Amino acid sequence: MRRPGNGRFAARFAAGIAAGLTAGLSAVWIAPGSPAGSARAADPTQSAPVETIPDSVLRARIETLLPTPWRIESLTAEPLPAPASQEPQVAVRVTAKMVLGGPTYVVDSREGPVTFLRPAAEAGLSKSWVATALATRGAGGWTVALTPQTPGLLDGIGKPAAELPGRTVVLGTPEARSLREQLDRDAAQRLAEDTERRRREEERLAQQTAAAKAEAARAEMERRAVEARIAQVADLRGKLAGADRAARLAAFEAALGGNDPALRQAAMEEALQSRDPVVANLALKDWIARHRAVPVQLYATKEDPSSEVVVQNLGPMTLEIDGFSPVNGALAGKLGAPGYSIARPSSIVGTLAQTELAVNAFGCALTLRLAEHRTLDGLLRCQTLPTLIARITLD
């Protein structure tokens with residue numbers, strides 16, 4: 001007894017077996033060491049028997065394609081004409097009766113980590129799976145390609161619960177009802193919290209909107225006030241710079257007598273720069289009447305080299321105004337510096353005549369005149385000291 005060789009396949013091709021049937025191969029599988037079938041004696045006068053694919057090879061190949069819960073209950077194979085090929089091949093039509101080994105489910109809904117399942121099929125469900133098998137046996141075993149003929153056979157049957165995502169719960173069970181109630185409570189609580197949060201956000205937005213409107217209204221009022229102030233200052237400057245002297249005096253007196261610091265400051269600036277001595281005198285009187293202690297800055301002269309030392313030793317000089325009469329420009333107070341006894345604070349009498357201020361103290365005389373830079377500039381003369389330059393800044 002010997003196993004038939006591949007020569008009988010060549011004999012079949014020589015005998016004119018129909019060729020040209022080509023099937024699409026869905027998968028290829030090799031079963032190493034598979035049995036080649038029972039050996040038969042060769043008879044040169046008879047055709048060699050047709051070799052078939054062992055059931056164990058087909059079963060193992062089909063099981064690799066089936067989903068986990070399915071098992072093969074029975075398997076039948078019907079021989080088919082082999083397609084033309086340079087290699088000997090065996091073709092069969094395979095029908096596998098499959099049985100579902102456990103229940104399957106489909107996803108009904110998902111709530112966070114919980115997946116609610118709906119039953120799809122019970123255990124024991126039977127299906128017939130049909131495919132075309134094309135096999136070649138070589139030294140390494142059988143190579144089997146399967147082409148399923150029943151597409152969509154397992155569609156809608158679902159999967160085992162263990163293969164579905166999340167925490168799986170089957171609808172209709174007490175666990176599912178309890179979870180659904182808990183999820184409904186959680187959803188209601190989240191809805192209430194979201195509603196409350198939206199209410200707070202709406203209130204905050206309303207407050208911000210109201211604050212923004214109030215701020216815009218305040219800014220608009222300030223803008224209008226600034227524009228009005230600018231217009232007033234411009235009008236005042238125009239009147240003070242005008243050719244009508246009576247109008248200038250009236251505008252200046254109105255600005256000084258009012259409670260508007262900006263207008264008063266503008267009037268002072270224009271009046272002190274005015275060449276009209278009457279207007280300038282009014283500005284100086286108003287300035288002196290509003291001050292009680294006026295710093296007097298002293299500077300050395302180039303003609304007397306010792307004046308630099310005198311300025312350093314004198315220290316700060318201050319004109320203290322105790323009384324001032326805007327009617328005649330007379331003032332009284334003290335004038336002095338701590339450095340020299342002759343210049344120490346002593347009573348003074350003084351007079352403001354138009355734009356010139358004259359102050360006399362014991363042994364000293366201070367004479368100042370309005371300059372272009374809003375300062376009173378002049379000289380300090382004391383009996384035993386060199387003449388010094390003096391300045392009062394009209395701030």
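The values are calculated or read from the model by the stated rules, or taken from the named source; none is laboratory data. It should be emphasised that the depicted structure is a prediction, and the values quoted were computed from it without experimental measurement. As a convention, Cβ positions derive from the backbone with ideal geometry for all residues, glycine included, and neighbour counts pool all protein chains shown.
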Per the filter on the range 167-197, residues more than 14 Å from Arg118 (Cα to Cα) and hydrophobic (A, V, I, L, M, F, W, C) are Leu179, Leu183, Ala187, Ala188, Leu191, Ala192
Being more than 30 Å from Gln89 (Cα to Cα) and crowded, with 17+ Cβ neighbours inside 10 Å is the filter here; which residues of the range 136-158 pass it? Ile157, Gly158
Return the residue satisfying two criteria in turn: it lies in the range 90-109 and is among the polar types (S, T, N, Q) and over 16 Å from Asp55 (Cβ atoms), and of such residues it is farthest from the chain's Cα centre (by Cα). Thr104
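Would you kindly identify the helices (runs of 4 or more DSSP H) lying entirely within the range 240-292 that contain at least 2 residues that are within 58 Å of the chain's Cα centre (by Cα)?
Values: elements: 245-257, 261-272, 277-289.
Here the list reads 245-257, 261-272.
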Within the range 78-111, count every residue that is part of a strand (DSSP E or B) and crowded, with 17+ Cβ neighbours inside 10 Å. 10
Pairs, first assigned by TED's automatic domain parsing to the domain that holds Pro103 and of a type outside the set (Val, Ile, Thr) in the range 151-170, second surrounded by fewer than 10 Cβ atoms within 10 Å (Cβ to Cβ) and in a loop (DSSP other than H, G, I, E, B), C-beta under 6 Å, six or more apart: Gly166/Pro113; Arg167/Pro113
Matching residues, the range 112-135, being surrounded by 18 or more Cβ atoms within 10 Å (Cβ to Cβ) and either in contact (Cβ under 8 Å) with a residue 60 or more places away in the chain or more than 54 Å from the chain's Cα centre (by Cα) (or both): Phe116, Trp129, Ala131, Thr132, Ala133, Leu134, Ala135
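Each row is one residue, and each column tells you yes or no for (1) free of Cβ contacts under 8 Å to residues at least 40 places away in the same chain; (2) under 20 Å from Ala361 (Cβ atoms).
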{"residue": "Ala283", "(1), (2)": "yes, no"}
{"residue": "Ala289", "(1), (2)": "yes, no"}
{"residue": "Ala293", "(1), (2)": "yes, yes"}
{"residue": "Lys302", "(1), (2)": "yes, no"}
{"residue": "Pro305", "(1), (2)": "yes, no"}
{"residue": "Asn313", "(1), (2)": "yes, yes"}
{"residue": "Leu319", "(1), (2)": "no, yes"}
{"residue": "Val327", "(1), (2)": "yes, no"}
Return the only residue of Gly339, Gly350, Gly323 being modelled with pLDDT under 90 and over 60 Å from the mean Cα position of the chain (by Cα). Gly339
Here is a check on your reading of the model: is Thr168 under 18 Å from Trp70 (Cα atoms) and not acidic (Asp, Glu)? no
